[in-house]
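Below is one structure, written out as structure tokens, with a few remarks after it.
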Ligand code: HEM
């Protein structure tokens, strides 16, 4: 641990898994804390929106967690995820078709906006029984909130990001109240019936409406970037097969997942690998990039990407969905844009404590270009 890094960093996959499987020693209370302490003026902006993130799900270390988790898990059962595949494919095909047309017209196309941004958001809102609306705002708020809580914004930037988070939170509270009052099954009604208060539902919604789609957008972005770059040992045109697209996504999850780290905090004096750890010490777990056998030169066989979604009682509830969405979008994009290759300068990357992806993935035609087919 150094002055620059306030965390005890755990890199070894077996140790990361151990920490995640010792919830009584290492709790998630710090999972959603701002990496950079928020300034007074930024906090006042948030207070103006009655912004609060009481522990409900990802940061909940109390006995209420399993019951709440069960309610949320009911919206992402394996059968529900499987039944969504045709819808995911339809959205992916439509986006890829538009991207191919854009490329044919302009000579290049930016794939983060064209194919990665919207399908995960539409799918998540539909699965939660929530209205699909204000998607551009949701995408912008998501990036701003990730930077506010997992980035290193200076004082001025904090104010901008806090205003954005406050707008998101006001929008969310309206959506929660409207959803709870409306007939039909939706996540917020189910949480209300489970006994959660409006601030608790808003807290869960704030995390889930970001985590349930922006992380997948970022996974797709990195997968398409590495595919177009040709650095993963899988050629662009090979990714038109579902198996190859899935393999690519798993390689990215193993190597440079969109959620590269996650935090825990020691709830009492304990030890890890023979080293003493004091109560209150914060631990940064590396979830990706340290798995022997990952990378382009990885041997064939199952990939060790299991930690990308965490492990144990807080393991990601959207793991199957995210993997499926990413593979289908990659597959349909590769099919609609045959022979695409990276175009233009090296993109800027989102680099936050726990989130990473290229902000843009611009591709152009390589050689002769097949005209976009019908959707
Ligand atoms: C590439 C996409 C995604 C990645 C890399 C990812 C990663 C993670 C990680 C690392 C955790 C913390 C796990 C732990 O503490 O052990 C987590 C928690 C969670 N994720 Fe994801 N996630 C992704 C997509 C999704 C999606 C699509 C959803 C839902 C639609 C989702 C819902 C959740 C929930 C609800 C939790 C909290 C679970 C709990 O505390 O019980 N995630 N995710």
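Among 50, 157, rank each residue by its count of other Cβ atoms within 10 Å, from fewest to most, as a rough exposure measure.
50, 157
Ranked highest first by the average count of other Cβ atoms within 10 Å around their residues, in what order do 115-126, 263-274, 77-88 fall?
115-126, 263-274, 77-88
Using a 10 angstrom cutoff on alpha carbons, build the Gaussian network for the chain and name the most mobile of 52, 165, 326.
Ranking 52, 165, 326 by mean-square fluctuation puts 52 first.
Quick check on the stretch 121-247: take the gyration tensor over C-alpha atoms, sort the square-rooted eigenvalues as a ≥ b ≥ c, and tell me if it's rounded (a/c under 1.5), prolate or oblate.
Since a/c reaches 1.5 but b/c is at least a/b, the shape of the stretch 121-247 is classed as oblate.
Calculate the spin-label point distance for residue 170 paired with residue 134, positioning each point 7 Å from the Cα along the beta-carbon direction, and give it in nanometres.
The answer from the label model is 1.0 nm.
Arranged by the count of other C-beta atoms within 10 angstrom, fewest first, what order do 190, 63, 231 take?
Fewest to most other Cβ atoms nearby, the residues stand as 63, 231, 190.
Which whole-number percent is the relative contact order of the stretch 1-159 (Cα, under 8 Å, 6+ apart)?
Worked out over the stretch 1-159, it gives 29 percent.
Once each part is reduced to its C-alpha centroid, what is the distance from the stretch 260-287 to the stretch 1-77 in angstrom?
That distance is 13 Å.
Quick one: angle between helix 135-150 and the longest Cα principal axis of the chain, in degrees between 0 and 90, rounded to 10, please.
For 135-150 against the chain, the angle is about 50 degrees.
Below 8 Å, C-alpha to C-alpha, sequence gap of six or more: please give me the relative contact order for the stretch 8-364 in percent.
After rounding, I find 28 percent.
How much length would be gained if the chain were fully extended between residue 242 and residue 269, taking 0.36 nm per residue of separation minus their Cα-Cα distance, in nm to one decimal?
Answer, rounded to one decimal: 5.0 nm.
Suppose only helical runs count, i.e. DSSP H with n ≥ 4. What mean residue ellipticity at 222 nm does that imply for the chain under -39500 (n - 2.57) per run, divided by all residues and rounded to the nearest 500 deg cm²/dmol?
The per-residue figure over the chain is -15000 deg cm²/dmol.
How many nm separate the modelled label positions at residue 235 and residue 313, each set 7 Å beyond the Cα in the direction of the Cβ?
The two pseudo-label positions are separated by 5.0 nm.
Report the full-extension gain for the segment residue 122 to residue 348: residue separation times 0.36 nm, less the Cα-Cα distance, to one decimal in nm.
78.8 nm
If you line up the long axis of helix 242-256 against the longest principal axis of the chain, both from Cα atoms, how many degrees apart are they, to the nearest 10?
Approximately 40 degrees, to the nearest ten.
Most exposed first by the Cβ proxy, i.e. fewest other Cβ within 10 Å, how do 18, 325 rank?
In increasing order of surrounding Cβ atoms, one gets 18, 325.
None of the figures in this text is laboratory data; all of them are computed from the coordinates on show. None of the values given here were measured: they were computed from a predicted structure. Ideal geometry is used to build each Cβ from the backbone, glycine not excepted, and the neighbour counts take in all protein chains shown.
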